[in-house]
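Below is one structure, written out as structure tokens; the observations come after it.
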Amino acid sequence: MKNYCLFDEKENGNKKKELKKFSAMKTAYETLSSAIEGLKKKGFKEDFNLIENGVENKAKKQLIEAKNLNVVEVHRFEGQTNPDDSSVLYAIETSTGQKGLLVDAYGAYSDSISREMVEKLKIVSE
């Protein structure tokens with residue numbers, strides 16, 4: 001299973017998104033479940049669900065618009081036998097300080113969410 005992480009870097013004061021293989025990262029997760037467990041230990045405890053214009057925290061009955069969230073980390077997992085069997089784990093922090101996780105099938109969201117959410121969840125290819 002290939003695993004990638006997307007993170008923001010500042011270059012000349014501007015944010016630049018970069019995709020790095022985990023071999024260059026501090027934390028390497030072999031599986032989706034180990035990534036979820038590791039990120040929960042880092043405080044990403046809320047469970048977010050994707051909606052058209054943002055994410056939903058069902059436990060708190062809250063809708064969070066795309067403009068009020070920031071994707072902190074992205075971990076992509078590709079199936080060993082079928083590269084189409086991919087999932088993406090997003091570590092998200094909201095403007096109110098909620099930290100949580102969103103799991104999605106890679107690329108499955110693009111037709112059913114707003115352009116702003118597509119930009120928030122975009123993974124840059126190497």
Subject >> Close pairs (7 angstrom Cβ cut-off, 6 or more residues apart or separate chains): surrounded by 15 or more Cβ atoms within 10 Å (Cβ to Cβ) in the stretch 48-69, of a type in the set (K, R) and not in a strand (DSSP E or B) anywhere >> reply: A66/K120; L69/K120
**OP:** Mind counting the residues in the stretch 50-61 that are in a strand (DSSP E or B) and closer than 19 Å to R115 by Cβ?
**Re:** 5
**OP:** Tell me which residues, restricted to the stretch 62-91, are touching a strand residue (DSSP E or B) at 6+ places or on another chain (Cβ under 9 Å), of a type outside the set (D, E, K, R) and not in a strand (DSSP E or B).
**Re:** A66, N68, G79
**OP:** For E52, indicate whether it is at pLDDT below 90, more than 11 Å from the chain's Cα centre (by Cα) and over 22 Å from E30 (Cβ atoms).
**Re:** yes
Original post:
Only one residue in L6, L39 is at pLDDT 50 or above, outside any loop (DSSP other than H, G, I, E, B) and under 23 Å from G97 (Cα atoms). Which one?
Top reply: L39
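The values are calculated or read from the model by the stated rules, or taken from the named source; none is laboratory data. Keep in mind that what you see is a predicted model, and the values were worked out from it rather than measured. Backbone-built Cβ (ideal geometry, glycine too); neighbour counts: all protein chains shown.
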